[in-house]
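As structure tokens, the structure follows; a few thoughts come after it.
The values are calculated or read from the model by the stated rules, or taken from the named source; none is laboratory data. Given the structure is predicted, the values throughout are model-derived calculations rather than measurements. Quick reminder, even Gly has a Cβ in these numbers, built from the backbone with ideal geometry, and neighbours come from all protein chains shown.
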There are 2 protein chains.
Amino acid sequence: MSEYDVLCIGNAIVDIIARAEDDFLHDNQIIKGAMNLIDAERAELLYERMGPAVEASGGSAGNTAAGIASLGGRAAYFGKVCDDHLGAIYRHDICAQGVAFDTAPLPQTPPTARSMIFVTPDGERSMNTYLGACVELGPEDIEEDKVAASQVTYFEGYLWDPPRAKHAIRKAAEIAHAHGRQMSMTLSDPFCVDRYRDEFLDLMRSGAVDIVFANEDEVKSLYQTADFSTACEAMRADCRLAIVTRSEKGSIAMSKTETASVIAHEIDNLVDTTGAGDLYAAGFLYGYTAGRSLEDCANLGSLAAAVVIQQIGPRPQVSLRQSAIDAGLVKG
Amino acid sequence: MSEYDVLCIGNAIVDIIARAEDDFLHDNQIIKGAMNLIDAERAELLYERMGPAVEASGGSAGNTAAGIASLGGRAAYFGKVCDDHLGAIYRHDICAQGVAFDTAPLPQTPPTARSMIFVTPDGERSMNTYLGACVELGPEDIEEDKVAASQVTYFEGYLWDPPRAKHAIRKAAEIAHAHGRQMSMTLSDPFCVDRYRDEFLDLMRSGAVDIVFANEDEVKSLYQTADFSTACEAMRADCRLAIVTRSEKGSIAMSKTETASVIAHEIDNLVDTTGAGDLYAAGFLYGYTAGRSLEDCANLGSLAAAVVIQQIGPRPQVSLRQSAIDAGLVKG
């Protein structure tokens, strides 16, 4: 028996979201579609230049945890906020979604992390993240009982950016595997893969991670090849279960012996891609921990991603469970 | 010559927006569709019970100022925030929209005002407002040069809730009229009308206010009649220009000698009515200060309202100017 379906670990970030033209990205040297790490000074500068914004709790793995809870799954989360106003908002939103969240906040500084997200007319999001309190996440924040009680512990590759989170993840992996549980990660971002390629490959090849999510750019970056099939087969060989998302071209889930390819869920209107990959992972892992087929898991992932890209902000504003029932993917 | 088309004065509020079922409103004794005033203790209690939320700058007259700027008009704003994180967000958003905003913030407490807005499945919003720093807005916050330089000074009836703002408005009206400018107000909310009926009627009948916006419920409340036509004719007699909005039934603008009735702008999908009245006023006043016909003004109001009710949050996330050009209401 398990108390949680999925435990998610990540950088706890409040998103500040505004629309912008492509020229704005160019003029401010923001890499389009990527997660750009920034310091406090640049955060202030960019905020001055940013248009009117809305705020919403985010963070890649936090979005995944919220998505799993919205589907009716049992989710927990580890992530570091500061005991400030944005931290209170972050805590409220993830707890109100039904996710167990008890990581101790920092009492003083640095402040809660924020990411300024510029959404261009094509719906693509370009993130500018000041990590703030996230730099303090460490092994002491790993609640052993929750790791032991979770079917899958999932984390974001972005956690290799702050200094001590990787030690927290290695500790979590040891606990999880000692209890017969599985570890899962997302490669997060092609530039993040580029920063930590050898370490990510080591996590996969050493068996520290069982289930790996990547998009097309990330898997190509991981294996430094322009050939998608080559990259996919290499990834299949390197982990127990490899899942690759391809935006409107659908997704592929590959175990050693099985391949499930599904098409993308149809959408009416692309508004903001923020959270697409996070919600795909939520749908997939919800299905996976419920014992569903790889094809069902991939379809649940596609549905959850489709919901979140038709709204502003990274977490679903409607019940994903209802959406999944309406789509015939979950029984009502 | 005027430096500003419209100066807006109101309670500076950050909105905290979540979806909720009708049962939630009932269980928590929230009057549906209304602005419910709450104290700090109840604010804390409701936030605990609230689902995952998003944050966006709001405040009725603030939304109107943002809408006028989004249409390409020249707007200014007076409103009181605290020098805290929400106050910084408020200042950023209204300034980034191109609105002139220089009201001095409170250095300490009370904190910046917030309104917890519950959006029910029918798109209706029910607001729960903790006024915080807004209670300190007073005559000393009226910047005489901006009032003198604005074609229209517009304020919200909600300003009769905090203790000193009404004195600020009476001061603004004197300055405006001394400079040959016009004063405009919105009746804000039928319960607000009920609280301050005699004072609002006095503002209109004494000539302190020239242009008055109301919705159907508010004008009926003002004249304590269930008969819409009776209420409208009474309102026409009591001010220079009366504008009554009727949601999907359109709107009516009435001077002493002229009546313009327009139908509502068609929408695809009602998401959240927050800001509908505020944006109607923005569109109307943008047209009015540009010398357009009453019918054009009302159509511009309908368009701006239609844009904002098809998104979450009270301020348009797309350019209203572009929307107005696309609709043939403004030349590109």
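Meeting the requirement of 3 or more residues that are under 26 Å from B:Pro52 (Cβ atoms), the strands (runs of 3 or more DSSP E) wholly within the range B:102-160 are B:113-119, B:125-130. With respect to B:Gln317, determine if the residue is at pLDDT below 95 and within 17 Å of B:Gly73 (Cα to Cα). Yes: the conditions hold for B:Gln317. Looking at the range B:51-69 only, could you name the residues that are facing another protein chain (nearest Cβ under 9 Å) and touching a residue at least 40 places away in the same chain (Cβ under 8 Å)? Result: B:Ala53, B:Val54, B:Glu55, B:Ala56, B:Ser57, B:Ala66. Of all residues in the range B:91-118, how many are within 14 Å of another protein chain (Cβ to nearest Cβ), surrounded by fewer than 20 Cβ atoms within 10 Å (Cβ to Cβ) and among the aliphatic types (A, V, I, L, M)? Residues that pass the stated criteria total 1. Restricting attention to the range B:50-90, and to residues there that are touching a Leu at 6+ places or on another chain (Cβ under 8 Å) and among the hydroxyl-bearing types (Ser, Thr, Tyr), which single residue is surrounded by the most Cβ atoms within 10 Å (Cβ to Cβ)? Restricting to residues being touching a Leu at 6+ places or on another chain (Cβ under 8 Å) and among the hydroxyl-bearing types (Ser, Thr, Tyr), the top hit is B:Thr64. Of all residue pairs spaced 6 or more apart or on separate chains, those with beta-carbon atoms under 6 Å, a first member in the range B:18-29 that is touching a residue at least 12 places away in the same chain (Cβ under 8 Å) and a second member that is not charged (D, E, K, R) are B:Ala18/B:Met50; B:Ala18/B:Gly51; B:Ala18/B:Ala53; B:Arg19/B:Val119; B:Ala20/B:Phe118; B:Asp22/B:Thr120; B:Leu25/B:Ser126. Among the residues of the range B:309-332, the ones that are away from every other protein chain (no Cβ under 13 Å), aliphatic (A, V, I, L, M) and in contact (Cβ under 8 Å) with a residue 60 or more places away in the chain come to 4 in all. The set of residues in the range B:137-162 that are of a type in the set (Asp, Glu) and buried (at least 22 other Cβ atoms within 10 Å of the Cβ) contains only B:Glu156. If only residues of the range B:289-308 that are touching a residue at least 60 places away in the same chain (Cβ under 8 Å) and buried (at least 24 other Cβ atoms within 10 Å of the Cβ) are counted, the one that is nearest to the other protein chains (Cβ to nearest Cβ) is B:Val308.
Checked against (1) closer than 17 Å to A:Arg205 by Cβ; (2) out of contact with any Phe, Trp or Tyr (no Cβ under 7 Å at 6 or more places or on another chain); (3) of a type in the set (Gly, Ala, Ser); (4) crowded, with 16+ Cβ neighbours inside 10 Å, A:Ala276 meets all criteria but (1). Pairing residues of the range A:199-216 that are in a helix (DSSP H, G or I) with residues that are acidic (Asp, Glu), at Cβ distances under 6 Å and at least 6 apart in sequence or on separate chains, gives A:Met204/A:Asp238; A:Arg205/A:Asp238. Filtering A:Ala226, A:Ala231, A:Ala242 for residues that are of a type outside the set (Lys, Arg), outside any helix (DSSP H, G or I) and surrounded by 16 or more Cβ atoms within 10 Å (Cβ to Cβ) leaves a single hit, A:Ala242. Looking only at the range A:62-69, decide whether some residue is more than 26 Å from A:Tyr288 (Cβ to Cβ) and among the β-branched types (Val, Ile, Thr). No, the range A:62-69 has no match at all. Applying the selection to the range A:88-123, what residues are closer than 30 Å to B:Gln322 by Cβ and in contact with a Phe, Trp or Tyr (Cβ under 9 Å, 6 or more places away or on another chain)? Passing the criteria: A:Arg114, A:Ser115, A:Met116, A:Phe118, A:Thr120. Taking the conditions (1) farther than 20 Å from A:Phe191 by Cβ; (2) under 19 Å from the mean Cα position of the chain (by Cα) in turn, A:Arg240 satisfies each one other than (2).
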